[in-house]
Amino acid sequence: MLFMISCILRYSAQFYVIDDRIGLGREFDGIGGISGGGATSRLLVNYEEPYRSQILDYLFKPNFGASLHILKVEIGGDGQTTDGTEPSHMHSNDEENFSRGYEWWLMKEAKKRNPNIKLIGLPWAFPGWVGHGTQSPYLFPNVTANYVITWIMGAKQHHNLDIDYIGIWNERTCDPAYVKVLRDILDRAGYTNIGIIAADGDWSIAAAMLNDSYLNDAVEVIGVHYPGTHTVKEALMTERKLWSSEDYSTFNNDSGAGCWARILNQNYVNGRMTSTISWNLIASYYENLPFGRDGLMTAEEPWSGHYVVDSPIWMTAHTTQFTQPGWFYLQTVGNLTSGGSYVALTDRKGNLTIIIETMTHNHSQCIRPPLPYFDVSPQKVTFQLKGSFAHLTDLQLWYSKLDFETKKDTLFERRSPVKVYNGFFTLKLDVDEVYTITTVTTGQRGSNPEPPKSRPFPKNYSDNFTINVHPFSEAPYFADQTGVFEYFRNSADNGSHAFTLRQVITERPVIWAGDADQTISIIGDHKWSDLNVSCDVLIETPITGGVFLAARVDQAGIFVKEAKGVFYWLYANGTYKVTNDIGGKRVLAEGLSGTREGVWYTLTLIVKGYFASGMLNGYPLWENAVVLEPKNGWAALGTFSFEYAQFDNFQVNAY
């Protein structure tokens, strides 16, 4: 046996010790994903069973897939926040509604699978009334804090959800005075157990915390975005938890998986960050929106049931299935001599998990920040287990290889246990690999029957917005980009328009991104070119009110203000207009329509090749407007401004 050990040491150029006798490092707080920050789970709710539950299992079910420890959701604020808008629980200061949107549903589904999952709420935008006509939620900090508290209370009272952490204002300047007001109001409301994460941007709040003991006490977690695995000395000096509270944001191919695997380790090794949270949780929004497929997995076709369990899911599992919040990092963690990194964690009850990654520079670049060059090469490593782990004789081994040459990946494969001889074990590491060596025996590579094949959005689609058919406030497949379109029970009409889709935002929100001046909801296939789109419309605002139907809408999300297409506008002042852009600057046709508010009309837009025509109530109103660009895009509907308007009997036919 001594000869074997000496051989190991002689031929091993790299030697690492795993030891808990010198004390433990920071407490591990978990790995998570973000739903929201731009309606990123929008299409998930429209999946039929069993596919919807299968997808949720891959995300949240313990010992199955990603097995996430944390779910962070957007507190909807009625504004564009990357790939769409999410509705607020309070469109105005005198109403509350806790059945809007899908984040409540998602949090409940996550809790159903993992009762211990931690829940975080964070505002991106705010309803306009919170800012009192300004673009700042800090003008009246008590108003903003009470708005957030109302969301927390609604989560509990209406959905039996306990929120664990609350944020300030995503990636915007943090006002320390507001943080202290929020802490005070949380405490007075009995939510002393809810931690504040600040400021979901850069590290700058750390310096302010060192100079303000009350602020330091108010903040439980310093949360930063895309830190590049590094922290700053001021943050360490606060002695607060440090999290990468938004990270990744990278296309979910193998390079994205390499990015994710690298930062899951190195955020702690280099930056002592004890939690990393992915934006986004799941790419469940139209792929041609900004940052398409930047989720841990892909589910963007509810009409077909198709989804893809992408490789970042299995990179996540290497950590999440073998650790839990409340475990501790060991002091003995670090970077490998020939590139890569390793972390070791324990539950202080004898369990040990070691995660090793050897991601190469070109195969692990995240979307931001820029990654300085480094080398990784094949290597042999020997680990010596000491302290509480010296007696271990074998360890479970889970292995992944991102093979960029053959394209034949090995993902989260269980292999023969690692034999430990007198506290030593040796591994031969290649590049772009992940190893989990652990005492935990419950890991599993979950699987489901193959989902249905991918197919495009239906060429013929219609919706009469019957409100009692669907469990959510949004109509299936419609993705709001500015404004909020909700199911509406029209008490003034007991006939053919008793149930409609209504745009309900009448004041510009406190924006996070560049909302358009018009409201718009998109639907369909971005590849659509020749279309026949029709919809019944009701203008509710006299004189200045207006609605539109559109085809070939080429941009949305944070670029919605720049959207081009064919926009067919109808106004309450008796006119119509056809424009090539959402802003109405390029007019293709215009004239009299005889339309007014309070009357239902049927709009029909026909776009074929380089020509577009429009009908009103089945009769031609304008013909052969020349459309040179764009060549393709979504269908859409919307309003001239932030105003009430209703839509019914939507239909689209793609040629």
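The numbers here are math on the coordinates, done by the rules we state, and not lab data. Only a predicted model underlies this, so the values are computations on that prediction, with no experimental measurement involved. Heads up, the Cβs are rebuilt from the backbone with ideal geometry, glycines too, and the neighbour counts pull from every protein chain shown.
The alpha carbons of segment 430-537 stretch over 65, 37, 33 Å along the principal axes, in descending order.
Relative to the longest principal axis of the Cα atoms of the chain, helix 311-320 runs at roughly 50 degrees. For residue 42, the shell of other residues with beta-carbons less than 9 Å away shows a net charge of -4, using +1 for Lys and Arg and -1 for Asp and Glu. Convex hull of alpha carbon positions in segment 30-312: directionally averaged projected area 14.0 nm².
Gain on full extension, evaluated as 0.36 nm per residue between residue 527 and residue 462 minus their Cα-Cα distance, stands at 21.6 nm. Listed peptides 190-196, 538-544 appear in the order 538-544, 190-196 once ranked by packing, highest mean of other Cβ atoms within 10 Å at the front.
As a calculated quantity, the FRET efficiency between residue 455 and residue 608 at R0 = 25 Å, using C-beta atoms, amounts to about 0.60.
Residues with beta-carbon under 9 Å from that of residue 582, excluding residue 582: net charge, scoring Lys, Arg +1 and Asp, Glu -1? That sum, taken over residues with Cβ under 9 Å, equals -1.
Our Cα-only numbers for the chain put the radius of gyration and Dmax at 26.9, 97 Å.
Convex hull volume per residue, computed on the Cα atoms of segment 597-644, equals 108 Å³. Computed from label points 7 Å out along Cα-Cβ, the spacing between residue 390 and residue 96 is 5.9 nm. Note down the net charge around residue 234, summing +1 for each Lys or Arg and -1 for each Asp or Glu among other residues with Cβ under 14 Å from its Cβ. Within the 14 Å Cβ shell, the charges total 0. Taking every DSSP bridge with both residues inside segment 30-312, close to 10 percent are antiparallel. Between 0 and 90 degrees, the angle of helix 254-269 with respect to the longest Cα principal axis of the chain falls at about 60 degrees. Each peptide in 136-145, 73-82 was scored by the mean count of other Cβ atoms within 10 Å over its residues; highest first, the order is 73-82, 136-145. Helical runs (DSSP H, four residues minimum) scored at -39500 (n - 2.57) apiece and divided by the length of the chain put the mean residue ellipticity at 222 nm at -5000 deg cm²/dmol. Dipole magnitude for segment 460-654: computed about the Cα centre from +1 point charges on Lys and Arg Cβ and -1 point charges on Asp and Glu Cβ, it is near 360 debye. Seen against the Cα atoms of the chain and their longest principal axis, helix 51-60 is set at about 40 degrees. Computed from label points 7 Å out along Cα-Cβ, the spacing between residue 626 and residue 493 is 3.8 nm. Here's the picture: a label point sits 7 Å out from the Cα of residue 655 along the beta-carbon direction, and within segment 586-621 the residues with their amide nitrogen under 12 Å of it are 606-613. Projecting label points 7 angstrom from Cα along Cα→Cβ for residue 53 and residue 217 puts them 4.9 nm apart. Note on segment 356-460: Rg/Rh from C-alpha atoms, Kirkwood Rh, equals 1.11.
Potential lengthening of the chain between residue 63 and residue 573 amounts to 177.5 nm, from the contour at 0.36 nm per residue minus the alpha-carbon distance. Please report the base-10 log of the normalised intensity I(q)/I(0) for segment 105-234, using a Debye sum with one equal scatterer per alpha carbon and no solvent, at each q in 0.17, 0.19, 0.21, 0.23 (1/Å). Log10 of I(q)/I(0), two decimals: -0.95, -1.14, -1.30, -1.43.
Here the Debye sum runs over all C-alpha atoms of segment 1-137 as equal scatterers in vacuum, and log10 of I(q)/I(0) at q = 0.09 Å⁻¹ comes out as -0.45.
The dipole here belongs to the chain: it is taken about the Cα centre, uses +1 on the Cβ of Lys and Arg and -1 on the Cβ of Asp and Glu, and is about 1740 debye.
When the Cα centres of segment 213-230 and segment 39-70 are compared, how far apart do they sit, in Å? Cα centroid to Cα centroid, the span is 29 Å.
May I ask you to work out the translational diffusion coefficient for segment 460-654 at 37 °C, viscosity 0.692 mPa s, via Stokes-Einstein with Rh from the Kirkwood sum over Cα pairs, reported in whole µm²/s? So the translational diffusion coefficient is about 201 µm²/s.
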